[in-house]
Amino acid sequence: MPKRGKKYKEVAALYDKQNLYDVDEAIATALKVAPGKFDETMEVHIKLGVDGRHADQQVRGAIVLPNGTGKTKKVLVFAKGPKAQEAEEAGADYVGAEEMAQKIQQENWFDFDVVVATPDMMGVVGRLGKILGPKGLMPNPKSGTVTMDIAKALEEIKAGKVEYRLDKTNIIHTPIGKKSFGEEKLQQNFDALLEAIVKAKPAAAKGQYLRSVTIASTMGPGVKVNPAKIQF
């Protein structure tokens, strides 16, 4: 367990760590106890009542947040010919094919946040699975990053599209904006994300689906939301 700094301990004392807050109260509290002197990212951590080791209980998808994320993402597109030109015209930061795969493999190059690929390029991208996979960068049809509609994919990513997926402990970690967004915009993004995750509930999931929901800033402590109050 990492040792907590003085500032963290000071803000953590400002609220009840065990209390389950309504969403609006949780967001307001998380903003109040965000200690950073910079514009911290606000994140949601959602533990689900599923077992991601089973294919029929996987939860994964993507959504464009109503107010974006506050961060401009750099996008690498694997495409050739007209699709490569489409990617460049649509604002991709990097476009290429085999040479990009070699750059990643040989130079350990990762100056990008999202990877998009046309289906015909997945043979090349697939060879990068062991490198991109652990970093959460592998393109996937479910998240809209393996597609022939490159222009639409880029438009959504640049507009604030976020991907949600289970980690090994069945928790989803997703940003919902910046501290500077304020309570209203953060709640709109929170509601959009949670509605998407609730709708993505697998048929095989049994018992309580939303086990715990926590809101926190980059540097701040987690504030617990009452899952029973989240309904769509």
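The values are calculated or read from the model by the stated rules, or taken from the named source; none is laboratory data. The structure displayed is predicted, hence computed values, not measured ones. Because the Cβ atoms are built from the backbone with ideal geometry, glycine has one as well, and the counts that use them run over all protein chains shown. Remember, those area values only see protein heavy atoms, side chains included, never the ligands or the DNA or RNA. Shrake-Rupley method; radii C 1.70, N 1.55, O 1.52, S 1.80 Å.
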### Query
Quick check: is even one residue across the range 131-144 at pLDDT 90 or above, aliphatic (A, V, I, L, M) and more than 14 Å from the chain's Cα centre (by Cα)?
yes
### Query
Out of (1) surrounded by 18 or more Cβ atoms within 10 Å (Cβ to Cβ); (2) under 18 Å from the mean Cα position of the chain (by Cα); (3) assigned to a loop (DSSP other than H, G, I, E, B); (4) not aromatic (Phe, Trp, Tyr), the odd one out for residue 221 is which?
(2)
### Query
Somewhere in the range 16-36, is a residue acidic (Asp, Glu), at pLDDT below 95 and within 20 Å of the chain's Cα centre (by Cα)?
no
### Looking only at the range 21-74, and only at residues there that are among the charged types (D, E, K, R) and open to solvent by less than 50 Å² (accessible area, probe 1.4 Å), the one that is farthest from residue 211 (Cα to Cα)
73
## Note on the structure
Conditions (1) at pLDDT below 95; (2) touching a Gly at 6+ places or on another chain (Cβ under 9 Å) -> residue 77 fails only (1)
### Query
Do you know which residues across the range 36-50 are part of a loop (DSSP other than H, G, I, E, B) and under 20 Å from residue 143 (Cα atoms)?
50
### Task
State whether the residues of the range 119-128 include one that is within 30 Å of residue 208 (Cβ to Cβ), in contact (Cβ under 8 Å) with a residue 40 or more places away in the chain, open to solvent by 50 Å² or more (accessible area, probe 1.4 Å) and out of contact with any strand residue (DSSP E or B) (no Cβ under 9 Å at 6 or more places or on another chain).
no
#### Entry: Number of the condition not met by residue 116 [criteria: (1) among the aliphatic types (A, V, I, L, M); (2) at pLDDT 95 or above; (3) under 26 Å from residue 217 (Cα atoms)]
(3)
### Query
Name the residues in the range 89-114 that are surrounded by fewer than 19 Cβ atoms within 10 Å (Cβ to Cβ), hydrophobic (A, V, I, L, M, F, W, C) and without any contact (Cβ under 8 Å) to a residue 24 or more places away in the chain, would you?
109
### Task
Please identify the pairs in which a residue from the range 9-28 that is over 20 Å from residue 184 (Cα atoms) has its Cβ atom under 7 Å from the Cβ atom of a residue that is open to solvent by less than 90 Å² (accessible area, probe 1.4 Å) and in a helix (DSSP H, G or I), counting only partners at least 6 apart or on another chain.
15/29
### Task
Determine whether residue 81 is over 26 Å from residue 194 (Cβ atoms) and open to solvent by 40 Å² or more (accessible area, probe 1.4 Å).
yes
### Message
Checking residue 170 against (1) touching a His at 6+ places or on another chain (Cβ under 8 Å); (2) at positive phi, only one condition comes out false. Which one?
### Response
(1)
